[in-house]
Amino acid sequence: MMNEIENGNEKIVPDLAKRKHRGPFMEVLFRLAKSPLAMFGLAIIALLVFCAIFAEVIAPYSPIKQDLMHMFETPSAAHWLGTDEFGRDILSRLIYGARVSLQVGFIAVGIALVVGGMLGAVSGYYSGWLDNSIMRVMDVLLSIPQTLLAIAIVAALGPSLMNLMIAVGISAVPTYARIVRGSVLSIRSMEFIEAARSVGSSDLRIILKHILPNSMAPIIVQSTLGVASAILNAAGLSFIGLGIQPPNPEWGAMLSGGRQYIRDYPHMTLYPGLAIMFTILALNFLGDGLRDALDPKLKR
C-alpha cells in the first residue's frame, strides 16, 4: 500500500473507498453533478417548480384580472414583461402558466408510464399471443402521429385541463409500452428471475419486485424527455384552442392570443415562446445527463 502511494497511485484507493460507501442513488447524483448542462437543466426545472408552487406569492399581479387602461404596454418598471390585449401582466401569467404546464407534463407522463409500463411488462413477460395482441394495438397507435392522436382525443372529450392531460398521456402510452417491453425481454431470462420462480414467487410479485425495478434506468430517462414532449404537445393543443380555455394562463394559449399582434407588440409572443423553449431545453439537458449517469457502460 505504501509503495502505491509513493508511486503516485494514492488517488485510486481513496476513490474506490468512496465509491463503496456511496449507494446507487448517490452514485447517480454524483455522476449527474459532473455534467454542467444537466445541472443547468436541473436549475431551470427547480426554478419553474418553485414558481409553480409559490405563484401566489411571486406573481406581482393577478393573472386573469383585466386592466383596460394599460393594454399593450411594453416592458417597464411597473410591468417587467409588458401587458397583453386585456391589460393583464404577462410576467404574472407566465408564472401561473408554469404551474399549468408542469402539471400537465408530469401527470400526463404519469398516466402514460402507469398504463404503458404495465402493458409493456405483461407483454414482455408472458410473450406468445398476449405479447402479439398488445404490441399490434401499440403499433396501430404508433402509426398515428402523437399530436394528431391527442387532438382526436381532446376533440372527443372536450377541451379542459383534465381532458388535456388524459389525451397527452394516452397518446404517449405506446412509447412507454415499447421501452418497458424491451427491458423486460432482456431481464426475464436472468438467473435471479429463475431463482424467484424456483422459490414460488407469483408472476405479479416477480414483475413488480424484480423486473420493473431493474428496468428503471431507461424508463427514468424517457420520462424526463417525455415531460418535455407533453408540455410541448399541451402548448400546441392550447394554441389551436383545444387545451386550457381563457382566461386561465397557459403558455400555448398566450402564444395564440398574441400572434395577431406580433407585428406591433412582439413581446406578447416573445416571452411565452422563450418560456416554452427554455423549459423544453432544460428537460432535454436533464434527460441527456440522466442517460449518461444511469448508463453502466460509462461508469468508471
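The values are calculated or read from the model by the stated rules, or taken from the named source; none is laboratory data. The model shown is predicted, which means the values in this text are computed figures rather than measured ones. Neighbour counts run over all protein chains shown; Cβ positions are idealised from the backbone, glycine included.
Go over the candidates Leu81, Leu102, Leu48, Leu119 one by one and state the one that is within 29 Å of the chain's Cα centre (by Cα), at pLDDT 90 or above, surrounded by 16 or more Cβ atoms within 10 Å (Cβ to Cβ) and not in a helix (DSSP H, G or I). Step by step, each of Leu81, Leu102, Leu48, Leu119 is checked, and only Leu81 is within 29 Å of the chain's Cα centre (by Cα), at pLDDT 90 or above, surrounded by 16 or more Cβ atoms within 10 Å (Cβ to Cβ) and not in a helix (DSSP H, G or I). Within region 89-111, can one find any residue that is among the charged types (D, E, K, R), under 19 Å from Ala228 (Cβ atoms) and in contact (Cβ under 8 Å) with a residue 12 or more places away in the chain? There is at least one residue in region 89-111 that is among the charged types (D, E, K, R), under 19 Å from Ala228 (Cβ atoms) and in contact (Cβ under 8 Å) with a residue 12 or more places away in the chain.
Condition check for Arg181 on (1) in a helix (DSSP H, G or I); (2) modelled with pLDDT under 90: one failure, at (2).
Whether any residue in region 52-62 is farther than 15 Å from Pro249 by Cβ and in contact with a Lys or Arg (Cβ under 9 Å, 6 or more places away or on another chain) is what I want to check.
Yes, that holds for at least one residue.
The single condition from (1) surrounded by fewer than 19 Cβ atoms within 10 Å (Cβ to Cβ); (2) without any contact (Cβ under 8 Å) to a residue 40 or more places away in the chain; (3) of a type outside the set (S, T, N, Q); (4) closer than 17 Å to Glu250 by Cβ that Met71 fails is (4). For Pro174, the stated conditions hold: it is at negative phi, touching a Leu at 6+ places or on another chain (Cβ under 7 Å) and not aliphatic (A, V, I, L, M). Do we find that Ala38 is over 20 Å from Gly273 (Cβ atoms), among the hydrophobic types (A, V, I, L, M, F, W, C), surrounded by fewer than 16 Cβ atoms within 10 Å (Cβ to Cβ) and modelled with pLDDT of 85 or more in this structure? No, not satisfied.
With the requirement that a residue be assigned to a loop (DSSP other than H, G, I, E, B), hydrophobic (A, V, I, L, M, F, W, C) and farther than 13 Å from Gly97 by Cβ, what does region 239-297 give you?
Ile240, Leu242, Ile262
Within region 184-206, the set of residues being touching a residue at least 12 places away in the same chain (Cβ under 8 Å) and either charged (D, E, K, R) or buried (at least 21 other Cβ atoms within 10 Å of the Cβ) (or both) comprises Val184, Arg188, Asp203.
Annotation: His210 fulfils all but one of (1) buried (at least 21 other Cβ atoms within 10 Å of the Cβ); (2) modelled with pLDDT under 90; (3) touching a Phe, Trp or Tyr at 6+ places or on another chain (Cβ under 7 Å); the unmet one is (1). Residues that are at pLDDT 85 or above, in contact with a Ser or Thr (Cβ under 8 Å, 6 or more places away or on another chain) and not hydrophobic (A, V, I, L, M, F, W, C) within region 219-248 comprise Gln222, Gly226, Asn233, Gly236, Ser238, Gly241, listed in sequence order.
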